[in-house]
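Below: one structure, written as structure tokens.
Just so it is clear, none of the values below were taken in a lab; they were calculated from the coordinates. Treat the numbers as computed from the prediction; the structure is a model and nothing was measured. A quick note on method: Cβ atoms are made from the backbone with ideal geometry, for glycine too, and the neighbour counts reach across all protein chains shown.
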């Protein structure tokens, strides 16, 4: 199985800040990484697929990059609704695997 | 608007078999590129993919759970069923079903059900 390791596991930031979350795959996954946002008590929402492709309706302050084993999710200009938990996911091969999550908290 | 909804028992006893149904609308699971997956999340923990089924009936399972899982589809009812045998308290989790569309690259899930919490306890 491909392991997806996210860092940090939690981060505190203020409204308006820029935050970067990283995800490292245990082996190369090309660009087959997606990012999800999960608010408390809610289902995850896909933000980005294929490393950098923004889902329709997702604000442009979200961006993704990377290929191979290292990927990043950047949120520029944090908004109050962005404080949530974020997960990366690889879809290069089965079994599909997720990172352990990064909790973004208000400072 | 695509919707999915999970249904099944909220409480099961250890060693019992769990049967969950995902009922969906506004898409058909008869196209080979479309898929429905099951993902679970223990309280306070990360997401874990369990299984996916494609419109051409291809099935994929998490290897560590494969002997306990069965995923099937009923295209006429717009349903996907997941069974998990020999339930244990560590299987307590919110179980989600999710949709992978025909235009979605690889196995990314762009629509999710609300989830159903299953507790395993005697």
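Before moving on, here are some points about what is shown:
- Sequence of B:95, B:54 once ranked by neighbouring C-beta atoms within 10 Å, starting from the fewest: B:54, B:95
- Estimated FRET transfer efficiency (residue B:10, residue B:45; beta-carbon r; R0 22 Å; 0.05): 0.75
- Computed from label points 7 Å out along Cα-Cβ, the spacing between residue A:94 and residue B:103 is 2.6 nm.
- The mean count of C-beta atoms from other chains within 10 Å of the C-beta of residues in A:94-104, rounded to a whole number, is 5.
- The separation of the stretch B:102-122 from the stretch A:28-100, counted between C-alpha centres, amounts to 16 Å.
- Beta bridge orientation in chain A: antiparallel %, DSSP, nearest 5: 90 percent
- Site pair residue B:2 and residue B:21 shows an inter-label distance of 2.2 nm when each label is modelled 7 Å from Cα along Cα→Cβ.
- For the stretch A:56-96, the residues whose backbone nitrogen is under 16 Å from a point 7 Å from the Cα of residue A:15, taken along Cα to Cβ, are A:76-84.
- Inter-label distance, residue B:72 to residue A:7: 4.7 nm, where each label sits 7 Å from its Cα along the C-beta direction.
- Chain A shape via C-alpha gyration tensor axes, a/c threshold 1.5: prolate
- Rounded, prolate or oblate (a/c below 1.5 giving rounded, otherwise prolate when a/b exceeds b/c) for the protein assembly as shown by Cα gyration tensor: prolate
- Cα gyration tensor shape of the stretch B:24-122, rounded if a/c is under 1.5, else prolate or oblate by comparing a/b with b/c: prolate
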